[in-house]
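The values are calculated or read from the model by the stated rules, or taken from the named source; none is laboratory data. A quick note: this is a predicted structure, and the numbers were derived from the prediction, not measured. Cβ atoms come from the backbone with ideal geometry, glycine included; neighbour counts cover every protein chain shown.
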Amino acid sequence: MGRVANKIALVTGAASVPGLGSTAAIRPAAGGATAFITDVDLSGVEKAAAGIRESGGNATALVHDVSSETDWDRVFYGTQRAVREMRRVGKGGIRMFTKSIALETTREGIRVNSLHAGMIWTNMQKVTIQDNKDIYDAITATIPAGRPDGRAIRRTWRTACYFSPLRSLPTSPAPN
């Protein structure tokens, strides 16, 4: 069994393959964690979970709309109000929420981290280019490298370190 055996990873927005959510679930699942992957697109998230299982990982697909209070209530009943605040405040608020929960649960061995990627080359970017090339070009012109900052699978290496028991600190600032 891998280094993250008996851990749980909850990954939202995981229906697109390749996509940031689906690829973020691969490493922990390959390392022995149970990945609960969610999306509004049940068919897509089931395909992503099946791919993880075919590779030997443990993944369960769930329908979850991150903009739905009812869905958050089902997933995180105890944090329902916090999630409402997270939606209102953006990445900075999510970072502070993550830090607060991490401080509260660290002594119990619970790791709480959040990833906030920049523009990653995923299926969403492909659709944006097809549908709104001018907007895509304007956005990428603001990126110093002039392009999305990586492929989703590369981000999974960073994600994997958050699950590792070799990591001396259970929480850390959310990377971009």
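Descriptive notes on the structure:
- Some residue of region 28-44 being modelled with pLDDT under 80, in a helix (DSSP H, G or I) and over 30 Å from Ala141 (Cα atoms): no
- Subset of region 56-70 that is part of a loop (DSSP other than H, G, I, E, B) and either over 15 Å from the mean Cα position of the chain (by Cα) or of a type in the set (Gly, Ala, Ser) (or both) - its residue that is nearest to Ile8 (Cα to Cα): Gly57
- Residue, surrounded by the fewest Cβ atoms within 10 Å (Cβ to Cβ), within region 28-70, restricted to residues that are of a type in the set (S, T, N, Q) and in contact with a Ser or Thr (Cβ under 8 Å, 6 or more places away or on another chain): Thr60
- Across region 8-27, the qualifying residues are those that are more than 22 Å from Val127 (Cα to Cα) and surrounded by fewer than 19 Cβ atoms within 10 Å (Cβ to Cβ), and the one among them that is modelled with the lowest pLDDT is Ile8.
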